[in-house]
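Heads up: the structure comes next, in C-alpha cells.
The values are calculated or read from the model by the stated rules, or taken from the named source; none is laboratory data. Note that the coordinates shown come from a computational prediction; the quantities given were computed from them, not determined experimentally. As a convention, Cβ positions derive from the backbone with ideal geometry for all residues, glycine included, and neighbour counts pool all protein chains shown. Calculation scope for accessible area: heavy atoms of the full protein, side chains included, ligands and nucleic acids excluded. Shrake-Rupley method; radii C 1.70, N 1.55, O 1.52, S 1.80 Å.
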Amino acid sequence: MREAGIRVLLHCVSQIAVRYKKVITPLICFFSDFYFRIFVQVKSSPKESLEVVNGVSVVPSCINCQYYHLQKLQGHIDTPIDKCPVCKSALKMLGPIWNGDIDKLEFVDQLLTELKSFNFKTNEKIFGLLMGIKDELEAKVPPLGVYTHIMISEIKSNSPNLKTIMSGLQSLGYVSVQSAVEEKCLKTTAPIPVVYDMLKHLKKTKFPELAYVPKKLQETSYNYQILVSEVKLAKEPNYKEYKPKHAKVPKYFPNPEANWGPKARAKEKRAQPEGKEEEETTLKKHKDST
C-alpha cells in the first residue's frame, strides 16, 4: 500500500529530526512517477521532540485477508489479539508508521489558489491530485485503507461498482472516500469486519446465484472462515448510487506513454586515444574476415 510506504518514510524523517531536537509537520505527501514525494515543515522544539512517540503506531495486520488495526506505542494501548477476527489467521506486525495527518488542509487550499495563476501543461493533473487530497482530508477518515477488489475476490463474488460499495457504507452511517495516492484503495471509518459483512450482504442481494460456499474450499482455508461467519449489521444497507464530491474532476491519470518508468542508466562513452581507435577497427575487420 502506497500510503503505508509514505507513513513509514515520514516516521523515518521524524526520527532523524528528533536527534537534533526538531519536529516535522507534513504539508503535502503523494505518489507520482514511481516515487514518494513528501514536503514537510521543520521546526526546532526540544519540548515537542520528546512527544513525537505519541504520533507513532504499529500495525498488526492479517497475513491473508485485508484486516488491520493501528496500535499506538504510547498512551492508551489496545488489548493485543493473537488471531484475525475476520478469518482466524495469524497477524504480522508492520511499522512503525506515522499515524498523524500526512497533508495540511490550509496548505492544500493555498496551492489550489496559487495554481490559478499558472499555466502548466500538467495543470489538470495537479488540480485533480490536490482535489483528491482535499476530499480525503475533509472526510476525516483514519490512516490506511482496504482494497475492495481483493475483498470481493476473497468472498467469491462478482465485482460491483465502487460507488455501490461506498453508498452501502454511507447508509450504515460510515464515511468512505477513494485514497488520493492510490485509485483502487478505499479509506473508510467503518471497521474492516463491517466492510466484509456488508460485501457478503451485497453478494447475497445483488448476486443471489453466488450466495453459497464453494465445495472446493477447505474448512481450514481463510476464505471459508470469511464466508461461513455470520453477517452482523446494525441495519439493512441501501445501495443507491453514491454521489462523491467533485465527481466531474478527474483525479487519476494514466501514464503519459507506453512503458513509462525509469530507464536504464546511460552508458558513458570514453574518449579513445589517437591511433588506438584505428587499431581496434583493424582488429575487428580481421576477426570478421576470419
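Seen through its C-alpha gyration tensor, with square-root eigenvalues sorted a ≥ b ≥ c, segment 1-119 comes out oblate because a/c lies at 1.5 or above while a/b is not bigger than b/c.
Extension gain LYS184-ALA211, at 0.36 nm per residue separation less the Cα-Cα distance, in nm? Present the calculation step by step, with values, prior to reporting the outcome.
Working: separation 27, 0.36 × 27 = 9.72 nm, distance 2.49 nm.
Answer, rounded to one decimal: 7.2 nm.
Residues GLU51, GLU3, sorted by accessible area with the largest first, give GLU51, GLU3 [1.4 Å probe; ligands and nucleic acids excluded].
The distance between label points at LYS245 and SER32 comes to 2.1 nm (points 7 Å beyond Cα on the Cα→Cβ vector). Phi angles across segment 6-11 convert, under the Karplus curve 6.51 cos²θ - 1.76 cosθ + 1.60 with θ = phi - 60°, into 3J(HN,Hα) values of 4, 6, 5, 5, 4, 4 Hz, Gly and Pro given as x.
Just in segment 1-88: which trypsin sites (Lys or Arg not before Pro) are loop by DSSP and have at most 14 other Cβ atoms within 10 Å? Answer in residue order: LYS21.
Determine the alpha carbon to alpha carbon distance for each of LYS104/LYS245; LYS163/LYS251; LYS121/LYS163 and list only those over 24 Å.
Numbers: LYS104/LYS245 19 Å; LYS163/LYS251 15 Å; LYS121/LYS163 30 Å.
Over 24 Å apart, Cα to Cα: LYS121/LYS163.
Computed over the chain with a Gaussian network model linking Cα atoms closer than 10 Å, the most mobile of SER89, SER159, SER44 is SER44. Counting only protein chain heavy atoms and rolling a 1.4 Å probe, the accessible areas of LEU162, LEU10 rank, largest first, as LEU162, LEU10.
So what is the relative contact order of the chain, in percent, for Cα pairs below 8 Å that sit 6 or more residues apart? Computed value for the chain: 16 percent relative contact order.
For segment 48-59, the Karplus equation 6.51 cos²θ - 1.76 cosθ + 1.60, evaluated at θ = phi - 60°, returns couplings of 5, 5, 6, 9, 4, 4, 5, x, 10, 9, 10, 10 Hz by residue, with Gly and Pro reported as x. Dividing the summed helix terms, -39500 (n - 2.57) for each DSSP H run of n ≥ 4, by the number of residues in the chain produces a 222 nm estimate of -11000 deg cm²/dmol to the nearest 500. Along the chain, counting only chymotrypsin sites (Phe, Trp or Tyr not before Pro) with a DSSP assignment other than H, G, I, E or B and at most 16 other Cβ atoms inside a 10 Å radius, the longest segment between sites is 121-211.
Between the alpha-carbon centres of segment 96-133 and segment 171-206 there is a gap of 25 Å.
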